[in-house]
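The values are calculated or read from the model by the stated rules, or taken from the named source; none is laboratory data. Since the model is a prediction, treat every value here as computed from it, not as a measurement. As a convention, Cβ positions derive from the backbone with ideal geometry for all residues, glycine included, and neighbour counts pool all protein chains shown.
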Amino acid sequence: MRRWLDGCEWVLTLVAALATLVMMLLTTADAFGRYLLNRPILAAYELTTNYLMVAAVFLAMPYAYRQGANIRVTFLVERFHGTVRLGIDYAVQIVSILYSAALVVATWQQTRHVLATGTTFATLDLPMWPGYMLVCTGLLVTALMMLLDLGEVRKGRSSLFTEG
């Protein structure tokens, strides 16, 4: 399972990086066309905000999790040691898994709703559901990584608690 998630993380990170590159190129081309040629790119804003930015952020979440790039407030928990600290770490890991799972379910339901209603962009007849599916995918892989890391909490190797 870990090897499969590592492969998913690698693919999602690559897609997130490509989305960032395409977003930069599209924004530059749109600005060039808008201000120098008076011909903006149709739906550049919609593509950027609903597909590319979503892909850059949510598909990079598993990589950010693995690197320990989460925000933590540790001034209180650092004062605990032993079983108290371990209990807090387990509680934090479980709450994080449950919260991520709730987000996966909510975004999956939203994806299904947008797909069923056939919602499209106002300026271009492109479906909006792929953006929601990107969010769901990034959250799902991150939640599975957190679930797999539950066994690593005792050893102090959970990515949730490593320094980035």
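Can you give me the number of residues within the range 35-51 that are more than 18 Å from T119 (Cβ to Cβ), modelled with pLDDT under 90 and part of a helix (DSSP H, G or I)?
1
Restricting attention to the range 25-41, report how many residues are surrounded by 13 or more Cβ atoms within 10 Å (Cβ to Cβ) and not β-branched (V, I, T).
Our first condition is that a residue be surrounded by 13 or more Cβ atoms within 10 Å (Cβ to Cβ); within the range 25-41, this holds for 26-27, 29-34, 40-41.
Within this subset, residues satisfying the condition of being not β-branched (V, I, T) are 26, 29-34, 40.
Qualifying residue count, the range 25-41: 8.
Pairs please, first residue from the range 26-37 and without any contact (Cβ under 8 Å) to a residue 24 or more places away in the chain, second anywhere and surrounded by fewer than 13 Cβ atoms within 10 Å (Cβ to Cβ), Cβ atoms under 6 Å, 6+ apart in sequence or on different chains.
G33/R39
Please work out if Y65 is among the hydroxyl-bearing types (S, T, Y), under 15 Å from the mean Cα position of the chain (by Cα) and modelled with pLDDT of 95 or more.
It is false that Y65 is among the hydroxyl-bearing types (S, T, Y), under 15 Å from the mean Cα position of the chain (by Cα) and modelled with pLDDT of 95 or more.
What is the number of the single condition among (1) crowded, with 17+ Cβ neighbours inside 10 Å; (2) part of a loop (DSSP other than H, G, I, E, B); (3) not aliphatic (A, V, I, L, M) that T13 does not meet?
Unmet for T13, out of (1) crowded, with 17+ Cβ neighbours inside 10 Å; (2) part of a loop (DSSP other than H, G, I, E, B); (3) not aliphatic (A, V, I, L, M): (2).
Just to be sure, is T137 within 23 Å of I94 (Cβ to Cβ), modelled with pLDDT of 95 or more and not aliphatic (A, V, I, L, M)?
yes
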